[in-house]
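A short worksheet on the structure shown next.
The values are calculated or read from the model by the stated rules, or taken from the named source; none is laboratory data. These figures come from a predicted structure and were not determined experimentally. Neighbour counts run over all protein chains shown; Cβ positions are idealised from the backbone, glycine included. The area values use the complete protein model at the heavy-atom level, side chains included, leaving out ligands, DNA and RNA. Shrake-Rupley method; radii C 1.70, N 1.55, O 1.52, S 1.80 Å.
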Amino acid sequence: MSEFLRIEGVEKSFGYRKLLKGLDFSLHQGEALMLLGRNGEGKSTLLKIITGLMRPEQGKVFFKGQAVQEDPEGFRAAMGVISHQIHFYNELTATENLHFFCALKGAEDLKEKIPQALLAVGLSPFANTRVGTFSSGMGKRLNIARLMVAEPEILFLDEPYTGLDFDSIEFFNDYLFSFKEAGGTLIMVTHQIDLFYPLSDQILILRQGRFQRIDKHAKHSYEELLIQYQEISA
Amino acid sequence: MMRQAARLLAKDIKLDLRSLENFLSMLFFAVVILLLFAFALPLDDESHELMAPGLFWVTFLLSGILNLNKLFQVEKENACMDALLLSPLSRGSIFLGKMAENMIFILAMQVLLIPLFSLFFFEALMSHFFPLLGLSFVVCLGFSSLGTLLGGLTTDVRFKEILLPLLLFPLLVPLLLAAVILLQSLISGAGLAAEADWLKLLVGFDLIYLVVSYLVFEFVMEL
Amino acid sequence: MLHRIFPLAVFVFLVADLLMIFVFSPAEVTQGYVQKIMYLHVPSVWLTFLAFFLCFLASIGYLWKREEKFDVLAQSAAEIGVLFCAIGLLTGSIWGKPTWNTYWTWDARLTTTLILLLVFIGYLLLRKFVDPGEQQARYAAVVGIIGFLDVPLIHQSVVWWRTLHQTSTMFSMKKERVVDPNIAIMLWISVAAFTLFFCWMLVKRVRLENARRAFLRKMANLESF
């Protein structure tokens with residue numbers, strides 16, 4: 001397995017406060033990383049830096065061995081992002097939204113792929129309904145449909161479970177599982193440790209600007225992990 | 001790059017058509033301004049003729065700024081701006097798409113504003129409809145270049161409703177002066193060519209700010 | 001050593017300048033003593049442009065290199081520029097009362113100065129409305145650049161729009177207008193004295209801003225309170 005994503009010495013201030021103080025990790029293709037930490041530790045900021053929305057003061061992000069600044073558009077074409085917000089226009093229908101974003105991503109055969117994806121997530125009856133009327137569960141399904149059409153190689157997830165009911169979470173996790181099975185790489189920021197724990201290969205806790213690593217493969221049970229997490233973040 | 005910008009433009013126009021109230025509110029805002037002018041100023045035709053060029057462009061600026069406020073506001077719902085920025089399109093395409101949307105929106109308003117202005121304020125303006133629309137295009141190019149840049153810059157800033165006009169209007173002084181004098185010359189029957197120097201200044205303003213805004217827009221789009 | 005001698009030298013120079021203005025330099029033939037305000041007005045306007053030009057260069061430097069020192073320089077220069085711009089406008093209008101019989105006239109250069117003042121007040125307000133940090137520096141740099149680029153356009157358009165001012169005494173290209181050599185020398189001395197004063201102010205302001213930011217940084221990074 002070759003190295004897929006790597007960050008090196010990432011530093012960032014928020015105002016005058018140094019939030020991230022030199023962070024490194026690397027991830028192989030097909031791995032899943034869970035990023036934990038209390039509110040305000042800078043998890044989302046780190047995700048924004050990796051995806052290129054923010055520029056770090058120090059440090060670099062490498063994708064497939066190449067610094068992303070050299071080809072930011074190529075990197076963005078390969079990524080998918082899901083957060084607690086749905087990233088769709090309320091006044092456009094499900095199909096129009098998918099069409100717009102997937103065309104921007106450079107996906108092809110949209111005429112066939114979009115109905116297929118909508119069928120797969122169970123939103124076919126709402127293909128021509130405006131997204132503004134969707135519930136948060138439906139919004140999440142539509143997000144998944146977008147990923148199915150655009151077919152990213154790496155997924156960034158920022159608290160995606162917020163506001164979802166049990167069925168939607170199950171559906172969402174099923175998708176993440178199949179995404180990983182197919183060789184996809186994932187980075188998840190979340191507070192719901194239990195939901196993503198089964199999928200994750202690496203667990204990093206952001207604490208006062210640095211990483212604390214929990215080695216999942218040291219035969220930890222979930223309960224032991226939880227105790228360790230609470231100790232570190234206390 | 002142009003194709004990505006065109007996709008963004010097509011999406012924005014579709015959104016504009018869906019929520020036509022944006023357009024209507026801007027148009028009626030312009031009418032309200034006209035109404036205020038009509039009440040606040042002397043009513044005789046002579047002074048109206050004198051003031052028409054200035055008032056026309058002031059109306060244009062005051063109502064045009066509404067659309068600049070809206071330009072990036074539509075991307076804020078559901079954090080669509082993040083999705084755009086995370087799509088593989090360059091910041092330059094976002095600038096061009098947004099700028100084109102603003103131009104179309106404002107020129108569409110001008111098409112209706114010119115007859116309304118001549119109806120309420122200065123009748124003879126209607127006879128210059130097409131040259132004035134052409135002039136509007138040139139004025140709008142400069143307005144949209146600077147406006148799109150500053151509109152994007154102020155999206156997340158506190159008191160942006162005050163800050164945007166405060167930053168934009170002083171910078172637009174050359175544009176306003178040129179537009180007023182060219183319209184004067186149009187109304188007096190001399191035509192645009194009579195004030196070639198002003199036309200050059202106006203086009204120079206357009207080109208400088210089109211290029212500069214395009215270049216620095218990427219710095220505005222970082223979070 | 002230098003940091004003690006320099007302010008002293010600036011002070012001596014300014015006092016000498018003042019003495020020369022009021023004691024040695026001749027009163028102008030037509031305007032009399034009123035004309036002496038010129039020795040404050042012209043340097044102020046010159047420093048306004050110098051300061052905004054520095055702000056422009058520092059803004060480009062910031063966007064290019066992303067180093068905070070450029071941001072500090074841009075901010076300091078803009079603040080001092082606004083100060084001298086206001087002084088220039090004020091002295092201009094005081095001078096205008098006896099010469100044009102009005103405090104304010106829409107003369108080309110006064111108007112340009114007024115617009116510049118508004119642009120850079122907008123620049124400083126933008127800094128107030130954006131939280132301190134990298135974003136503030138970036139936004140301010142953008143406005144600093146587009147604001148300064150507008151200067152020639154504003155000036156040209158306002159000149160065409162209306163001209164009433166006496167043609168620029170020192171910087172004009174036309175040779176026809178002859179200034180009394182004593183007045184010209186005096187003006188150069190004043191400009192030099194004020195420019196030195198400006199340099200000293202700028203150094204002070206930059207140091208102060210650096211200290212302020214260092215303090216805020218220290219406060220913000222104190223561990224959990």
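So how much accessible surface do C and A hide from each other in total, probe 1.4 Å, in square angstrom to the nearest 100?
Protein heavy atoms only, the C-A interface buries about 900 Å².
Any idea of the accessible area per residue across the protein assembly as shown, 1.4 Å probe, to the nearest Å²?
45
Summing -39500 (n - 2.57) over the DSSP H runs of n ≥ 4 in chain C and dividing by its residue number, what mean residue ellipticity at 222 nm do you reach, to the nearest 500 deg cm²/dmol?
Mean residue ellipticity at 222 nm (helix-derived): -27000 deg cm²/dmol.
Quick one: buried accessible area between A and B, total over both chains, 1.4 angstrom probe, nearest 100 Å²?
Rounded to the nearest hundred, the buried surface is 2600 Å².
Estimate the FRET efficiency between residue C:203 and residue A:191 by the formula 1/(1 + (r/R0)^6), using the beta-carbon distance for r and 56 Å for R0, to the nearest 0.05.
With R0 = 56 Å, the Cβ-Cβ based efficiency is 0.65.
Return the subset of A:140/C:128; A:12/C:69; A:43/A:140 for which the Cα-Cα distance in this structure is over 27 Å, preserving the input order.
Where the Cα-Cα span goes over 27 Å, the pairs concerned are A:140/C:128.
Using a 1.4 angstrom probe and counting only protein chains, how large is the accessible area of residue A:211 in Å², to 10?
40
Hey, what's the Cα Rg ratio for the stretch A:120-234 versus the globular rule of thumb, 2.2 N^0.38 Å?
1.22
Ranked from the most accessible area to the least, with a 1.4 Å probe and all protein chains present, what is the order of C:161, C:100?
C:161, C:100
If you count only protein heavy atoms and use a 1.4 Å probe, how large is the accessible surface of residue B:136, to the nearest 10 Å²?
0
If you build the convex hull over the alpha carbons only and average its shadow over all orientations, what do you get for chain B? Give it in nm² to one decimal.
Reported value for the Cα convex hull: 12.3 nm².
In the protein assembly as shown, with Lys and Arg counted as +1 and Asp and Glu as -1 at Cβ, which of these residues, B:81, C:160, C:48, has the Cα nearest the positive end of the dipole, that is, farthest along it?
Checked the options; the winner is C:48.
Determine one quarter of the surface area of the Cα convex hull of the stretch A:152-220, which equals its mean projected area, and express it in nm² to one decimal.
Value for the stretch A:152-220: 5.5 nm².
Using a 1.4 angstrom probe on protein heavy atoms only, which residues from the stretch C:86-125 are buried by at least 10 Å² of accessible area when all chains are present rather than their own chain alone?
Checking the loss per residue gives C:115, C:118, C:119, C:122, C:125.
Within chain A, what percent of beta bridges assigned by DSSP are antiparallel, to the nearest 5?
Percentage antiparallel, nearest 5: 55.
Give, in nm to one decimal, the length gained when the segment between residue A:127 and residue A:111 is fully stretched (0.36 nm per residue of separation minus the Cα-Cα distance).
4.5 nm
Is there a simple number for the mean count of other chain Cβ atoms within 10 Å of the Cβ of residues in B:170-181, and what is it?
Mean partner-chain Cβ count within 10 Å for B:170-181: 6.
Sort C:160, B:198 from largest to smallest accessible area, using a 1.4 Å probe on the heavy atoms of the protein chains.
Largest accessible area first, the list is C:160, B:198.
Quick one: of the DSSP bridges fully inside the protein assembly as shown, what percent are antiparallel, nearest 5?
Close to 55 percent.
Compute a Gaussian network model of chain C, connecting alpha carbons closer than 10 Å, and tell me which residue from C:202, C:153, C:73 fluctuates the most.
Evaluated over chain C, the most mobile residue of the options is C:153.
When the accessible area of the protein assembly as shown is computed with all protein chains present and a 1.4 Å probe, what percentage of it is carbon and sulfur?
Roughly 64 percent of what the probe reaches on the protein assembly as shown is carbon or sulfur.
Could you identify which residue out of A:74, A:209, A:15 has the top mean-square fluctuation in a GNM of chain A using Cα springs shorter than 10 Å?
Ranking A:74, A:209, A:15 by mean-square fluctuation puts A:15 first.
Across the stretch B:208-223, in residue order, what do the Karplus-derived ³J(HN,Hα) couplings come to in whole Hz, using 6.51 cos²θ - 1.76 cosθ + 1.60 with θ = phi - 60° and x for Gly and Pro?
These are the phi-based 3J(HN,Hα) values: 4, 7, 5, 5, 5, 4, 4, 6, 8, 4, 4, 6, 7, 8, 6, 8 Hz.
Per residue, how big is the convex hull around the C-alpha atoms of the stretch B:1-90? Give it to me in cubic angstrom, could you?
Spread over its residues, the Cα hull of the stretch B:1-90 gives 117 Å³ apiece.
Please work out how much accessible surface residue C:5 shows to a 1.4 Å probe, ignoring ligands, DNA and RNA, in Å² rounded to 10.
90
So, R0 is 45 Å and r is the distance between the beta-carbons of residue C:213 and residue A:119; what FRET efficiency does that work out to, to 0.05?
With R0 = 45 Å, the Cβ-Cβ based efficiency is 0.20.
Hey, if we sort C:17, B:82 by accessible area with the 1.4 Å probe, largest down, what's the order?
B:82, C:17
Largest first, please: the extent of the C-alpha atoms of chain C along each principal axis, to the nearest Å.
Computed over the Cα atoms, the extents are 70, 47, 28 Å.
Decide, for the stretch C:1-109, between rounded, prolate and oblate: order the square roots of the alpha carbon gyration tensor eigenvalues as a ≥ b ≥ c, take rounded if a/c falls under 1.5, and otherwise choose prolate if a/b is larger than b/c, else oblate.
oblate
When all C-alpha to C-alpha distances in the stretch C:78-145 are sorted into bins of 10 Å, what percent of pairs does each bin hold, rounded to whole numbers?
Going from the shortest bin to the longest, the percentages are 20, 41, 23, 13, 3.
Counting partner chain Cβ atoms within 10 Å of every residue's Cβ in C:145-157, what's the average?
That average works out to 6.
Under the Kirkwood approximation applied to all pairs of distinct alpha-carbon atoms, what is the hydrodynamic radius of the stretch A:5-233 in Å?
So the Kirkwood estimate lands at 18.5 Å.
Dipole size in debye (nearest 20) for chain C around its Cα centre, Lys and Arg Cβ +1, Asp and Glu Cβ -1?
Using Cβ point charges on Lys, Arg, Asp and Glu, chain C gives about 260 debye.
Report, in deg cm²/dmol and to the nearest 500, the calculated mean residue ellipticity at 222 nm for chain A, where each DSSP H run with n ≥ 4 adds -39500 (n - 2.57) and the sum is divided by the residue count.
Rounded to the nearest 500, it is -11000 deg cm²/dmol.
Could you work out, for the stretch A:38-169, what percent of all Cα-Cα pairs fall into each 5 Å distance bin, beginning at 0 Å and stopping at the bin that holds the largest distance?
Distribution as computed: 2, 10, 18, 20, 19, 14, 10, 6, 1, 0 percent.
Per residue of A:177-185, how many C-beta atoms from partner chains lie within 10 Å of its own C-beta, taken as a mean?
Per residue, the number of nearby Cβ atoms from other chains is 0 on average.
Largest first and to the nearest Å, give the Cα extent of the protein assembly as shown along each principal axis.
97, 75, 38
With springs only between Cα atoms under 10 Å, which of B:41, B:168, B:146 fluctuates most in a Gaussian network model of chain B?
In the Gaussian network model the winner is B:41.
Roughly how much accessible area, to the nearest 100 Å², goes out of reach of solvent when C and B pair up, both sides summed, probe 1.4 Å?
2700
Quick one: what are the phi-derived ³J(HN,Hα) couplings along the stretch A:11-21, Karplus 6.51/-1.76/1.60 with θ = phi - 60°, whole Hz, x for glycine and proline?
Calculated HN-Hα couplings, in order: 10, 7, 9, 10, x, 9, 8, 6, 9, 10, 10 Hz.
Using +1 on the beta carbon of Lys and Arg, -1 on that of Asp and Glu, and nothing else charged, what's the dipole of chain B about the Cα centre, debye to 20?
Using Cβ point charges on Lys, Arg, Asp and Glu, chain B gives about 760 debye.
Answer with one residue from B:167, B:215, B:53: the one whose Cα lies farthest towards the positive end of the charge dipole of chain B, charges on Cβ with Lys, Arg +1 and Asp, Glu -1.
The residue sitting farthest along the positive end of the dipole is B:215.
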